[in-house]
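The values are calculated or read from the model by the stated rules, or taken from the named source; none is laboratory data. In this text, all values refer to a predicted model and were calculated from it rather than measured experimentally. Cβ coordinates were reconstructed from backbone atoms using ideal geometry, including for glycine residues, and neighbour counts include every protein chain displayed. Areas reflect the complete protein model, heavy atoms only, side chains present, ligands, DNA and RNA absent. Shrake-Rupley method; radii C 1.70, N 1.55, O 1.52, S 1.80 Å.
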Amino acid sequence: MRVLIVDDHPLFREGLRAALESAEGIVVVAEAERVGDVPEAVARHRPDMVVMDLSLPDGSGLEATRRLAADRPAPPVLMLTMADDDGSLLAALQAGARGYLVKGAGREEVLHAVRTVAAGGAVFGADVAERITALLAGARVREAGQLFPALTAREAEVLDLVARGLDNRRIARELVVAEKTVRNHVTHIFEKLHVATRAEAVARARDMGLGDS
């Protein structure tokens, strides 16, 4: 089994490589530190699966996962991250990850997850699996208000529509409010998400799985 590790912490990559290669039949064929390095590493080394961190220096592992999922055939992705919040979990699933483990999982749990994902299955830690069941029981698991708690309910609604590609005029018609009101909401969203442009807000929202119809 050929594995690509994507993580920006050298010591963690070293430890993970040692753990994986201590098991029979697993070889780490490459390592990458950045989202931009992933396509070339996959093309050059043809891994059977990818172990991906969520937070990378030049972007999100979610974006790297989406890019991989868009290619055929694509190696399955196991997300191995420090992030254990519901928003990150849902966003990883929506991006196409086949597994999700929180760093700190034991060697045997990681090896089981790697083998399962490489074989085409899906695997999640026990606590993660319970949360998935609870989250999917909701009517709208990708609701912006759950993913961005700092936003008001209306701001969350506006952000979701922005992420879908609607301009302010169309959002105003959709919500039956004045266009100026929408502009004010967008300004507040920018402030709360610490972004300067609409494109940045869209990128943040889509990283969390918003924007799909």
Seminar exercise, completed: Exception for Val128 within (1) under 16 Å from Leu16 (Cβ atoms); (2) over 11 Å from the mean Cα position of the chain (by Cα) falls at (1)
Exercise. Quick check: anything in segment 99-109 in contact with a Phe, Trp or Tyr (Cβ under 9 Å, 6 or more places away or on another chain) and open to solvent by 40 Å² or more (accessible area, probe 1.4 Å)?
Worked result: no
Seminar exercise, completed: If you go through Gly165, Gly209, the only one that is on the phi > 0 side of the Ramachandran plot and buried (at least 18 other Cβ atoms within 10 Å of the Cβ) is Gly209
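Suppose we filter Ser60, Ser22 for residues that are more than 24 Å from Leu147 (Cα to Cα) and among the hydroxyl-bearing types (Ser, Thr, Tyr); which single one remains? Quick ask: steps written out before the conclusion?
Working: Ser60 fails: more than 24 Å from Leu147 (Cα to Cα).
Of the residues listed, the single one that is more than 24 Å from Leu147 (Cα to Cα) and among the hydroxyl-bearing types (Ser, Thr, Tyr) is Ser22.
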Problem set entry | Top-ranked residue in segment 41-58 [being closer than 17 Å to Val114 by Cα, in contact with a helix residue (DSSP H, G or I) (Cβ under 6 Å, 6 or more places away or on another chain) and part of a loop (DSSP other than H, G, I, E, B); ranked as most open to solvent (accessible area, probe 1.4 Å)] | Asp48
Problem set entry | Condition check for Arg2: open to solvent by 70 Å² or more (accessible area, probe 1.4 Å), in contact with a Pro (Cβ under 7 Å, 6 or more places away or on another chain) and either closer than 25 Å to Arg206 by Cβ or touching a residue at least 40 places away in the same chain (Cβ under 8 Å) (or both) | yes
Seminar exercise, completed: (1) open to solvent by less than 70 Å² (accessible area, probe 1.4 Å); (2) farther than 20 Å from Gly15 by Cα all hold for Arg67 apart from (1)
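Tell me, yes or no, whether segment 19-40 has at least one residue that is closer than 28 Å to Met208 by Cα, in a strand (DSSP E or B) and touching a Leu at 6+ places or on another chain (Cβ under 6 Å).
Scanning segment 19-40 turns up at least one residue that is closer than 28 Å to Met208 by Cα, in a strand (DSSP E or B) and touching a Leu at 6+ places or on another chain (Cβ under 6 Å).
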